[in-house]
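What follows is calculated from the coordinates using simple rules that are stated; it is not laboratory data. Being a predicted model, the structure only gives us computed values, none of them experimental. Neighbour counts run over all protein chains shown; Cβ positions are idealised from the backbone, glycine included.
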Amino acid sequence: MIPGVQQALMNTFQYMLFYLIFSIPLTLSYRTTKVINFAHANFITYGAYVAIFLHGLLGLDIMSVAVVLAFIVTGAIAVLNNTLVFTPLQKRGSSPAIIMISSMGLWITYKYLLYMITDVARYYTAKNFVSYGRITYSDVPRGSIVGISFSQALVASLVAASLLVALLYLFLEKTKIGRAMRAVADNPSLAEISGISRPFVVNLTWFICGGIVGVGGVIWTSFSGAITPEVGDSAILQVFTVGFIGGLVSLLRTGIGAVLISTIENVGIAILNTYFGIPVSFRPFLTFVTLITTLIVFPPLGAGGGLPYRFLRRGSRK
Amino acid sequence: MVFNVKSIALLVIALIIGLAIGYGIASIVGGGMVTTVTVTPEKKTYYIGFTLPLSGELSSIGKVWEKVVQLAIEDLNREVQAYGFNVEFRAVILDDGTTEEKALQNVQSLVQQGIKVIIGPAASAQVKVVKSYVDSNKIVLISPSSTAPTLAIPGDYVFRTVGSDAGQAKALATLAYQEGARKVIVFFRNDEYGNAFADFLVSYFREMGGVAIKLSYQTGLPDYASEVATLASKVQSEGADAVILISFDTDGANILSHAAESEILSSVRWFVSEGPHGAGELLSPAIGQFASKVRLFGTRPLFIANPLYEGFRDRMKQKFGMEPGVFSENLYDAIKLAGWAILRAGTYDGEAIRAALIEVAKTYYGPSGWTFFDNAGDKALQDYGVWAIVPRAPEGYQFKDVGLYERGSIVFLEEAYS
Amino acid sequence: MIGFDIVGFMISWLTLFGIYAILALTLNLESGTAGITNFGKVVFYGVGAYVSATLTAYLILILNGVDVSETPPYGIRGIILLGELGNKNPLLNIGLLVLSLVIAFAVSGVLGYLLTYPILRVGPAFVGFTLLSSGELLRIFLQHYEPVGASKGLMAIPTPFGWIADSRLREVTYLGLVLGLLAVTYVVTHRLVNSPLGRTLRALRDDEIAALCLGKHVPRIKATILFIGSGVAGMAGVLLTYYLTSVNPNMFVPAVTFNVWAMIILGGFGNLKGSLLGASVITFVDRVLTFVTPQLGIAAISPDYLRWVIVGLLIVVVLLVNPRGLLPEKPIRTPAVDVILEEFRGESK
């Protein structure tokens, strides 16, 4: 047995849950809105900082409050982005590339806006918000069962991820509005003709997706050792990699992507380090190699809007 | 066409107004801190330029340094007036965002305003970028925190008021060895600072007869949980009895709080470099308990039991409500040195100031100790102190300097962990 | 303030402007005209910078009879030697500049050419992420690769005009080189855009499938454009190296790319003059800010954050209000078009 395998496995599991919470909304929002959203990174960061400001300014250490508030804040940001930027651009017929660039602009704006807020907060409280230690919450249980220790983050993310999957399934399959969402994703024009209000569905999707990621951000504060306003940015490539493995279409394949990436990052690097002496600092390298390999070997069909010459050698799509 | 011209005008105006409003807000919010000093006309004013990491990776300490500059300039002005000089020093502070290109831009801007003495930038990589510009324009540059051995170049215009990493590596290796560690894992940032430090450390530790294994981690990650897991497995598989961590503040705090949750890592000793010292994240209960459990010690450039340093720290606390962060005293001394060197030179000229600076440093003694420069323009005699994280009276934890490095061994002045 | 050295200011601003303008022009050629969402501009820039730094540092030492396996240019002895030997031979320095430019163009260009393979496979929407990741891959690789100094990088790189004793004259000469290369880049990109190829490129950007159906060899055209664009970006990297005289892996982060993007969007997507304007506005504002901010005293908010918020907002606002930027794209001007227009006017008379 590789030494330390237990912690590596626990980390794998923990990261997998985070990647699920972060990338399922990414896939969902892309499916419905066809926007590749760079500002997805901001949802994570803003979610985390809602919790940090609650803790640092008000001394509140109740995760359920932070979760609700973060859901509202990041959900509202997502809806705001859509109403003010994405929808007007789409109405004008801008290309997906232009919309992606606009989301890049939004991402930069939100990121540095948060930095400004932390500066002001630091100015008035003399507390350092640019690097904030882990928050211990009073309303999340922790302990160990049969020798496996459950940290607060593990408990919270386990609950959140199971709720996410269960509720999403029920919502998409059993409710009328969920079915409308899927209809908009599959064929927007047909959905509109059938009397579904597309703008409403799109806004609702953004709200739910932004909110879920924000909740993930809150849980992140109970996991990470030190949180900075860069947290979303440095996680975003992993999150997108997971999404791309699912082709930004299939929720199931996104789940597989979460497992794959978290395994590579935790178990893979440990094995490479132990047996091949590859430095641990190569870990991000592995993720990017996975991303590029995924994109080259399995080009995201549904999303990329594939061109004929991409499939010359493989024949047509059935 | 009319529309285009209009939109150009609109955009440019929007840009300008945006900046103006932003600065208005920024200066209103920060208005309270602006100290206006009325200058009598016959008084001579000297400017000292600063390029500090107020944003970017080192912003946590940059913000503290901003206050140190304020304190040092005030002290310097009071002192030179007491000596009867009718001069006033003023700071021109620029933010370089911890990036190389901005550091060069800042230095150029300062020089273009006629400033001949610049303090900063913080990181060695930044100093390297500005080095050829300051050398060819004869500008005296004093970095308070660059420790890269590759910058120990004789005869240039770059001075450093902090000792090279080699010295601290020796102190840290001695600390670990003296505390009984014989097989250590050196866990370090994969950047210039971490690599150079780790190389020195490993060679010193081997000289003493111990075994040191290097393990590096990539910086700028969202979290270091899997790095810590790998560290744990390395500790277990190698049967190491200690970990030596070489990090900055955020990554150090992150790693320590994950290590606190690992049984393996809680059962070996921990020794830390100066990077995380002073960071508030390290004073959380989890890390505090971990520190006393593993008897965590760190080293840092410090001349312990120096009344000047104690005074400096008390005044920082009293005036700004904050602990002086890492390298604050080196920055303070850099400013004082610059001021006295300008006066000694008599003219505001780079070459003269450079010569005067070397002379002034020979007799100057400040919170960071004796500032004597070696022939490469680096602090020749750097003392190192040992710090620990100990409980504070009512609640919480604090950093405490508990020992010093003296002639090849560590002397503890008090018991840190009972 | 004590004084203000306007000439020095212009030199330092224009040098940086020149380097960024070259990047902006090539990015506009790739993204604004050919529709390749290149979020990995920094890859080619960094490769160029590293090629010239490595080449110059090693060759100077080797040609002076130094054994680089004993004293590598990234060690302290090598650095001191570089400082001593660097500016002895003007011909060698200029020769190294030319060699660096040629090799940087070739290496970056070929890399760009090779990257067309994944770009074509993943389809337009994912090009950005593929290239963005390539940039991070390059950075992590450089941090681990000892011959180019690993995380230390390389420093004290002798500059092509280091032998000129007067520092002002040296800076002006270097500025001349930068602006000269910028002029060449502008002419080349201008000719490319205002040619039948340029028209094809826009067709590609606006509707790739239609262009393909019209018989345009899309993969080959994209590869050509990426070869030229990346090669020239590599040359900009060479200019950066000699300007900073030091390279370090952490200089080549994605933020550099986004800065260039802001320039071309502000200036006008698809308009080359717009890129020049965008690059000059952003570099100028950055420079001026360094003079203005100290006047405000210690502010609660770091001006750098404010600058980025405004840049981000500008990108969004420009795309929303006037997606064509400050200078909108113009119809292509080729001799054939002129002839047709002439005939058209003649007939209408």
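Suppose every Lys and Arg Cβ carries +1 and every Asp and Glu Cβ carries -1, with no other charges. What dipole size does chain C come out with about its Cα centre, to the nearest 20 debye?
520
Based on the Cβ-Cβ distance from A:TYR169 to A:SER149, what FRET efficiency comes out when R0 is 22 Å, to the nearest 0.05?
0.15
Suppose every K and R has +1 on its Cβ and every D and E has -1 on its Cβ; what is the size of the dipole of the protein assembly as shown about the Cα centre, in Debye to the nearest 20?
3060
Over the whole of C:318-331, what's the average partner chain Cβ count within 10 Å per residue? Rounded to a whole number, please.
Mean inter-chain Cβ contacts per residue within 10 Å come to 4.
For C:VAL285, project a label point 7 Å along Cα to C-beta. Then give me every residue of region C:310-331 with its amide nitrogen under 20 Å of that point.
Output list for this probe position: C:310-329.
Which longest run of chain B has no exposed loop site in it, a site being trypsin sites (Lys or Arg not before Pro) in a DSSP loop with at most 16 other beta carbons within 10 Å, and the site itself not part of the run?
With a cap of 16 other Cβ atoms within 10 Å, the longest stretch comes to B:183-294.
What's the long-distance tail for region A:132-280, i.e. % of Cα pairs beyond 18 Å?
That fraction is 71 percent.
With r as the distance between the Cβ atoms of A:THR125 and B:ASN86 and R0 = 45 Å, compute the FRET efficiency 1/(1 + (r/R0)^6) and round to 0.05.
Calculated transfer efficiency: 0.65.
Given the Cα-Cα distance of A:PHE200 and A:THR263 and 0.36 nm per residue of separation, how much length would full extension add, in nm?
Here the segment from A:PHE200 to A:THR263 would lengthen by 18.9 nm.
Please report the net charge: other residues with Cβ closer than 11 Å to the Cβ of C:PRO254, K and R +1, D and E -1.
0
What distance in nm separates the simple spin-label points at C:CYS213 and C:TYR145, each placed 7 Å from Cα in the Cβ direction?
Inter-label distance under the simple model: 4.4 nm.
Rounded to two decimal places and with Rh computed the Kirkwood way over Cα pairs, what is Rg over Rh for the protein assembly as shown?
Answer for the protein assembly as shown: 0.96.
Going from the alpha-carbon gyration tensor of region A:7-229, what semi-axes, largest first and in whole Å, does one get by taking the root of 5 times each eigenvalue? Don't jump to the answer; show the numbers that get you there.
Working: eigenvalues 200, 104, 37 Å².
Rounded to whole Å, the semi-axes are 32, 23, 14.
In square nanometres and to one decimal, what's the mean projected area of the convex hull around the Cα atoms of region C:6-252?
On the way: hull surface 55.0 nm².
About 13.8 nm², averaged over all directions.
On the principal axes of its Cα set, how long, how wide and how thick is chain B? Give whole Å, largest value first.
Result, largest extent first: 70, 62, 46 Å.
So if each residue of separation counts as 0.36 nm, and I subtract the Cα-Cα distance between B:GLU42 and B:GLU406, what length gain in nm does that give?
Result for the pair: 126.1 nm of gain on full extension.
Assuming R0 = 25 Å, can you tell me the calculated FRET efficiency for the pair C:VAL321 and C:LYS273, based on Cβ-Cβ distance, to the nearest 0.05?
0.80
Considering only DSSP states other than H, G, I, E and B, which trypsin sites (Lys or Arg not before Pro) in region A:121-205 qualify as loop sites with at most 16 other Cβ atoms within 10 Å?
A:LYS127, A:ARG142
When the Cα centres of region A:242-303 and region B:188-217 are compared, how far apart do they sit, in Å?
So the two Cα centres are separated by 31 Å.
Give me the extension gain from A:PHE276 to A:THR293: residue separation times 0.36 nm, minus the current Cα-Cα distance, reported in nm with one decimal.
Length gained between A:PHE276 and A:THR293: 4.0 nm.
Counting only residues 5 or more places away or on other chains, whose amide H sits under 5 Å from the amide H of B:ARG182 once H atoms are built in the peptide plane?
B:ASP241
Which longest uninterrupted range of chain B lacks any GluC sites (Glu not before Pro) assigned by DSSP to a loop state (not H, G, I, E or B) and surrounded by at most 16 other Cβ atoms within 10 Å?
After excluding every exposed loop site, the longest remaining stretch is B:180-394.
Summing -39500 (n - 2.57) over the DSSP H runs of n ≥ 4 in the protein assembly as shown and dividing by its residue number, what mean residue ellipticity at 222 nm do you reach, to the nearest 500 deg cm²/dmol?
Theoretical 222 nm ellipticity from helices: -20500 deg cm²/dmol.
Enter the mean number of other protein chain beta carbons within 10 Å of the beta carbon of each residue in B:102-109, as an integer.
6
Place +1 on the Cβ of every Lys and Arg and -1 on the Cβ of every Asp and Glu in region A:7-229, take the dipole about the Cα centre, and give the residue among A:ALA70, A:LEU89, A:PHE13 whose Cα lies farthest towards its positive end.
A:LEU89
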